[in-house]
1. Of everything in the range 30-49 that's touching a residue at least 60 places away in the same chain (Cβ under 8 Å) and among the small types (Gly, Ala, Ser), which residue is nearest to Lys108 (Cα to Cα)?
2. Here are some conditions: (1) surrounded by 15 or more Cβ atoms within 10 Å (Cβ to Cβ); (2) among the polar types (S, T, N, Q); (3) out of contact with any strand residue (DSSP E or B) (no Cβ under 7 Å at 6 or more places or on another chain). Ser64 meets all but one. Which one does it not meet?
3. Here are the criteria: (1) touching a Phe, Trp or Tyr at 6+ places or on another chain (Cβ under 9 Å); (2) exposed (fewer than 14 other Cβ atoms within 10 Å of the Cβ); (3) closer than 20 Å to Ser122 by Cβ. Tell me which single one Arg73 does not satisfy.
4. Every residue in the range 90-128 that is without any contact (Cβ under 8 Å) to a residue 12 or more places away in the chain and either surrounded by 14 or more Cβ atoms within 10 Å (Cβ to Cβ) or within 17 Å of the chain's Cα centre (by Cα) (or both), please.
5. So the check is Cβ under 6 Å with 6+ separation or different chains; which pairs have a first residue in the range 50-72 that's in contact (Cβ under 8 Å) with a residue 12 or more places away in the chain and a second one that's surrounded by fewer than 14 Cβ atoms within 10 Å (Cβ to Cβ)?
6. Using beta carbons and a limit of 8 Å, which pairs, at least six apart or on different chains, have the first residue in the range 12-29 and closer than 20 Å to Gly65 by Cα and touching a residue at least 12 places away in the same chain (Cβ under 8 Å) and the second one polar (S, T, N, Q) and assigned to a helix (DSSP H, G or I)?
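The values are calculated or read from the model by the stated rules, or taken from the named source; none is laboratory data. Given the structure is predicted, the values throughout are model-derived calculations rather than measurements. We place every Cβ from the backbone using ideal geometry, glycine too, and count neighbours over all the protein chains shown.
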Amino acid sequence: MGIEEDAALVRRGYEAFNAGDVETLKGLFAPDAVYRVGGSSDLAGDKHGLQEVLGYFGELFSRSGGTVKVELRDVIAGEHHTIGLQTAEAQRDGKSLKQDGVLVFTVKDGKVTEVSEFQEDSAKSSEFWS
């Protein structure tokens with residue numbers, strides 16, 4: 001796959017996430033994908049394998065009462081990585097969170113194999129999700 005295909009795959013992933021389309025997400029990630037979440041909340045850390053990645057997504061929806069949404073503002077694709085520039089929003093326990101962030105994707109053979117998530121303010125994000 002090339003740069004344009006990798007960018008299109010990342011865009012489909014954002015669309016599927018916002019729609020809660022688990023079946024599409026299953027098809028986009030490699031079975032042994034690793035998803036890295038920074039911060040200090042109990043959601044932080046590495047998620048190993050498709051089930052843990054999907055479990056993380058499910059936990060975001062569960063904790064936010066289904067309000068979590070991520071707006072993909074731009075995609076930057078290169079030879080080795082594809083970058084998603086995003087704004088995430090959610091409500092939880094009477095609190096609201098709106099932050100910019102960056103996701104760094106590694107795509108191999110048409111599947112996401114690795115993601116590193118970076119939030120604008122990891123302390124604020126950790127407090128919100130804890």
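1. Keep residues of the range 30-49 that are touching a residue at least 60 places away in the same chain (Cβ under 8 Å), which gives 30, 32-44.
Filter once more, so that each one left must be among the small types (Gly, Ala, Ser): 30, 33, 38-41, 44.
Values: Ala30: 9, Ala33: 10, Gly38: 23, Gly39: 27, Ser40: 29, Ser41: 30, Ala44: 24 Å.
It comes out as Ala30.
2. (3)
3. Condition (1) is where Arg73 drops out.
4. In the first step, residues of the range 90-128 are kept if they are without any contact (Cβ under 8 Å) to a residue 12 or more places away in the chain; the result is 93-94, 96, 98.
The one that is without any contact (Cβ under 8 Å) to a residue 12 or more places away in the chain and either surrounded by 14 or more Cβ atoms within 10 Å (Cβ to Cβ) or within 17 Å of the chain's Cα centre (by Cα) (or both): Lys98.
5. Leu50/Pro31; Lys69/Asn18
6. Sorted first by the residue in the range 12-29, then by its partner, the pairs are Ala16/Thr24.
Yes/no matrix, rows are residues, columns are (1) modelled with pLDDT under 95; (2) closer than 17 Å to Leu103 by Cα; (3) surrounded by 13 or more Cβ atoms within 10 Å (Cβ to Cβ); (4) among the acidic types (Asp, Glu):
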residue	(1), (2), (3), (4)
Ala19	no, no, no, no
Glu23	no, no, no, yes
Tyr35	no, yes, yes, no
Gly38	yes, yes, yes, no
Asp42	yes, no, no, yes
Lys47	no, yes, yes, no
Val53	no, yes, yes, no
Glu59	no, no, yes, yes
